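One structure is given below, encoded as structure tokens.
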Amino acid sequence: MLMFTYKSLLLPVLFSLFIYLDYFELSLKLIDTFAVLLSFLIFFTLSKKELFISGFFTGVLWFWWMGYSFVYYDLAYLIPVVLISIGFLYGSLFYITGFFTNIYFKVIYLFALSFIEPFGFNWFKLELPLINSYLGTTKIELFTLLLVSALFIQYRSTLKLKATLIYTLTILSLYGYNKFYNINEKLKTHPLKVYQYQTSIDQAIKWNKRYQKDIINDNLKMIDNAIKNKYDLIILPETAFPLILNKNTLLLNNLLEKSKQISIITGSLYQKEYQLYNSTYLFQNNIMHVAHKVVLVPFGEAVPLPEKLRDWINDIFYNGAQDYITAKEPTTFDIKGTKFRNAICYEATTDDVYQNLDTSYVIAISNNGWFTPSMQPNLQKLLMKYYANKYNLFIYNVSNQ
């Protein structure tokens, strides 16, 4: 029998609150800090059954939007299946914690959980709710918070005042520690004048050829406007041109001509023989450069399963479509003397794209139209903030949503 206690339902609300506060632009450091600390404390008081309920609803509150994209594949009937599967996955991960009676083993398991990426999907991070709090999001801080929370629950009835004092002092010391990990403010002042063209094109019409000409013309008008206002660089979202750009000679020549006056970053598809890439194009000084995506979206751009099962899923659910092809390593563009690491949507929220960095600037282009209206773009933005802090970067995030 499942245990729908108030604590098992309160924990997922507290642990997800930071996403929804950000969505409604109501984030306050004090509230975010209190919510995540209380959720950690509650976690160590729950039974196995309560943990499953908490994990189930935490997964749902974080990722209920995942099923949205199925609508565009005529698979809307699978949305409830996706939702229940997500809840069951994270419910099971939380449930396992209940098998450990030793408080230190619980802490170690939870800390290990912050490294687990089911099917290569890494958006569930135990430290992420700290992103808008007074505390930091490093692994050291996460482990310390888990440990001190567990010990406080373990000894609160016997040590009382001492346990409370130690817990409070630890939290205050972490607040001081976090001050050394703020993003370098100097990165916000950039020598280039950059125009970020955010769009809001409905995914239902984005790839409809009836609207393709209008979308292209709108993009070209914005580029002309950026030229008129003397910008050095304009950034357009992922697949801003909803076509295979390297096969459209007329449009390529148009963009190359405009690149004599402004550097242009835009997303589009790239085809080589029969292989498709999700790519970023840089047009600069009448020259085209292309960067292909390195990390694909699990079950969106690639099925992370053995070949036979992958092909079966592609045949049944995606009309025989093949997975996108990836580049072997991330690309860094040199734009007017400044280096920018390229990142496309999901990969901007992975460590892979930040390896061997030789710059402090990243251009991350996204198409979140698959999941709007929802709080998915906010979750993605919070994750990018996490990686910006982790690697001391400034990220230009341009999206369609």
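Assuming a strict under-22 Å limit between Cα atoms, what lysine pair count do you get for the range 204-247 once near-sequence pairs (fewer than 8 apart, same chain) are dropped?
Eligible lysine pairs with Cα atoms under 22 Å apart amount to 8.
May I ask you to sort 77, 281 by Cβ crowding, counting other Cβ atoms within 10 Å and putting the fewest first? Walk me through the intermediate numbers first.
Working: 77 8, 281 21.
Lowest to highest Cβ neighbour count: 77, 281.
In what sequence do 15, 143 fall when counting other Cβ within 10 Å, fewest first?
On the way: 15 25, 143 16.
Arranged by neighbour count, lowest to highest, 15, 143 become 143, 15.
May I ask you to sort 22, 352, 218 by Cβ crowding, counting other Cβ atoms within 10 Å and putting the fewest first? Write out the running numbers ahead of the final one.
Details: 22 20, 352 12, 218 15.
Least to most surrounded, the residues fall as 352, 218, 22.
Among all stretches of the chain without exposed GluC sites (Glu not before Pro) (DSSP loop, at most 10 other Cβ atoms within 10 Å), which one is longest? Write down the numbers at each step before the final one.
Values: sites that count: 25, 273.
That gives 26-272 as the longest site-free run.
Going through the range 209-263, which trypsin sites (Lys or Arg not before Pro) have at most 14 other Cβ atoms within 10 Å and a DSSP loop state?
Values: sites: 209, 210, 213, 221, 228, 230, 247, 258, 260; in loops: 230, 260.
Filter output for the range 209-263: 230, 260.
For the range 185-400, rounded, prolate or oblate, judged on the Cα gyration tensor with a ≥ b ≥ c (square roots of eigenvalues), a/c < 1.5 rounded, else prolate if a/b > b/c? Provide the component values of the computation, followed by the final result.
Details: a/c = 1.60, a/b = 1.21, b/c = 1.33.
In terms of gyration-tensor shape, oblate.
Can you give the three extents of the C-alpha atoms in the range 1-153 along their principal axes, from longest to shortest, in whole Å?
50, 38, 30
What is the list of residues in the range 255-272 whose amide nitrogen lies under 15 Å from a point 7 angstrom out from the Cα of residue 192, following Cα to Cβ?
259-267
Could you list the trypsin sites (Lys or Arg not before Pro) in the range 28-116 that lie in coil according to DSSP, counting only those with at most 15 other Cβ atoms within 10 Å of their Cβ?
Filter output for the range 28-116: empty list.
Let a ≥ b ≥ c be the square roots of the eigenvalues of the Cα gyration tensor of the range 88-153; is it rounded (a/c under 1.5), or, if not, prolate (a/b larger than b/c) or oblate?
Because a/c hits 1.5 or more and a/b fails to exceed b/c, the range 88-153 counts as oblate.
Using every Cα-Cα pair within the chain, state what percent have a distance larger than 37 Å.
Working: 22914 of 80200 pairs.
The proportion of pairs with Cα distances above 37 Å equals 29 percent.
Cut-off 10 angstrom, C-alpha nodes, Gaussian network model of the chain. Which of 12, 377, 118 fluctuates the most?
118
For the chain, build the charge dipole from Cβ charges (+1 Lys, Arg; -1 Asp, Glu) around the Cα centre, then report which of 67, 234, 269 sits farthest towards its positive end.
Going by the charge dipole, the pick is 234.
Taking the chain as the reference, fit the longest principal axis to its C-alpha atoms, fit the long axis of helix 307-317 to the helix C-alpha atoms, and give the angle between the two in degrees, 0 to 90, nearest 10.
The two axes meet at around 70 degrees.
Can you find, among 345, 114, 168, the residue farthest towards the positive end of the dipole of the chain? Put +1 on the C-beta of Lys and Arg, -1 on that of Asp and Glu.
Checking the options against the dipole of the chain, the answer is 168.
Relative contact order of the chain: what whole-number percent is it, with Cα pairs under 8 angstrom and at least 6 residues apart?
On the way: 655 pairs, mean separation 59.4, N = 401.
Averaging sequence separation for qualifying contacts and normalising by length gives 15 percent for the chain.
Using the Cα centre of the chain as the reference point, and only Cβ charges (+1 on K/R, -1 on D/E), how large is the resulting charge dipole? Debye, rounded to the nearest 20. Let's see the in-between values first.
Numbers: 35 positive and 28 negative charges, 178 e Å.
That gives the chain a dipole magnitude of about 860 debye.
Of 45, 30, 84, whose Cα points farthest to the positive end of the dipole of the range 1-124 (charges on the beta-carbon: +1 Lys, Arg; -1 Asp, Glu; origin at the Cα centre)?
Result: 45.
We did not get these values from a lab; they are worked out from the coordinates using the rules stated. Because the structure is a prediction, the values reported are computed rather than measured. A quick note on method: Cβ atoms are made from the backbone with ideal geometry, for glycine too, and the neighbour counts reach across all protein chains shown.
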